[in-house]
Amino acid sequence: MSGSPDRSAPNQPWAALRWEHPWAWPLAQQVGVLAAVVCVLLVACWASLWPWWEALSALQQSHQSLAAQYETSQQKWRELPELERRVQALRDAHERRDRDSAGEQVGWLQPVTWTPVPAPVGASAAPRWRGQTQGQASEVASVLAQLAAADHALPVELLRTALEGQWRLTWEVLGDAPPKGSPPRPHISRDWRSLLDDAPMRAHWQAQLKAQPGRVQWLWPQINRNAEPLEAFELAQLTWIGWLEQGDRRVALVQAGTNVHRVAIGGHMGRHHGRVEHIGADHLVLREVLRTPQGVWAPNLTRWPAPGPMVSKGSVPPPKAKDLP
């Protein structure tokens with residue numbers, strides 16, 4: 001048995017590499033195992049710290065972006081006084097130009113005819129002037145541009161005449177004397193010129209008329225009804241005759257020219273859509289639809305005929321009109 005080979009002899013070098021006795025390992029093996037363990041720990045630490053590293057990198061980038069924005073805002077803040085100075089200089093220049101242009105008076109680009117507008121009887125209204133011009137579309141458009149630049153016209157009416165391509169423009173202004181024209185603004189002039197065709201022009205002015213305060217409520221019902229015979233006369237052309245009873249209602253007798261007309265409550269007379277609201281012993285009360293100096297259409301009660309002068313005591317009163325059969 002002594003001569004038999006020892007089969008465990010080849011395993012003798014690895015016999016010492018037991019986990020129970022790592023201190024008994026050779027130095028080279030110990031260093032290798034330690035290096036492997038260190039590498040594994042380093043890889044595990046790197047894997048666990050990588051998300052934190054990415055978050056820190058993103059935080060650094062956002063910090064750099066905020067720092068750049070802060071620097072830009074500080075630069076704009078430092079430039080703000082200079083910008084305010086420039087804005088103020090431009091504002092002052094604009095105000096000087098407006099003051100200079102306000103005093104500038106130019107003539108009308110188209111011949112204008114001015115006539116004074118008579119004030120209503122017994123009213124202390126400001127003096128008004130009515131201007132009128134007629135011409136081709138481009139000529140009337142230039143006057144419209146001047147009116148828009150001045151912005152002082154009250155009622156404005158634009159009508160197409162029977163002549164081909166001709167328009168008639170009428171407007172009213174307040175003042176002791178007719179005003180001169182104002183320099184037209186180019187963009188306003190182009191706007192007016194684009195409207196001087198039949199369809200757009202009529203649609204535009206219909207919208208303008210509808211926008212007048214009180215027009216739809218008070219004036220349109222009068223325009224859309226049939227006119228009555230006495231509406232062809234001014235009130236000064238009519239004469240009060242008297243009144244008579246017809247059944248249970250009172251009827252006034254009004255003379256127009258050589259004809260005598262009977263007018264009941266609800267009838268109309270005069271050029272201002274006057275509706276008879278009351279028939280008295282010697283007068284009528286009319287509700288006329290007039291436009292105020294502020295441009296508002298509104299009803300106005302008018303006594304017709306106007307009361308005469310007071311009769312002094314002791315004088316003989318004028319004969320009263322008799323009721324006609």
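No lab work stands behind these numbers, since they all come straight from the coordinates. All of these numbers come straight from a predicted model, not from anything done at the bench. No Cβ is skipped: glycine too gets one built from the backbone with ideal geometry, and neighbour counts run over all protein chains shown.
Report, in debye and to the nearest 20, how large the dipole of region 229-304 comes out about its Cα centre when Lys and Arg carry +1 and Asp and Glu carry -1 on their Cβ.
On the way: 8 positive and 7 negative charges, 28 e Å.
Taking the Cα centre of region 229-304 as origin, the dipole is about 140 debye.
Determine the relative contact order of region 229-304: mean sequence separation of Cα pairs under 8 Å and six or more apart, normalised by residue count, in whole percent. The partial results should precede the final answer.
On the way: 156 pairs, mean separation 17.4, N = 76.
23 percent.
Quick one: net charge of LEU219's neighbours, Cβ under 12 Å, K/R +1, D/E -1?
Working: positive: LYS210, ARG215, ARG225, ARG291; negative: GLU288.
Here the charged neighbours net out to +3.
Within 12 Å, Cβ to Cβ, of ALA256, how many net charges do the neighbouring residues add up to if Lys/Arg are +1 and Asp/Glu are -1?
Details: positive: ARG262; negative: GLU228, GLU231, GLU234.
It works out to a net charge of -2.
By counting other Cβ atoms within 10 Å of each Cβ, how are SER65, SER138 ranked from fewest to most? Display every interim value, and only then the final one.
On the way: SER65 10, SER138 15.
Ascending Cβ contact count within 10 Å gives the list SER65, SER138.
Using Cβ counts within 10 Å as a stand-in for footprinting exposure, how do LEU286, LEU49 rank, fewest first? Before the final figure, lay out the partial values.
On the way: LEU286 24, LEU49 11.
Starting with the residue having the fewest Cβ neighbours, the order is LEU49, LEU286.
Please list the non-local residues whose amide H lies under 5 Å from the amide H of HIS278, H modeled 1.01 Å from N, same-chain partners needing a gap of 5 or more.
The list, which skips near neighbours in sequence, is VAL285.
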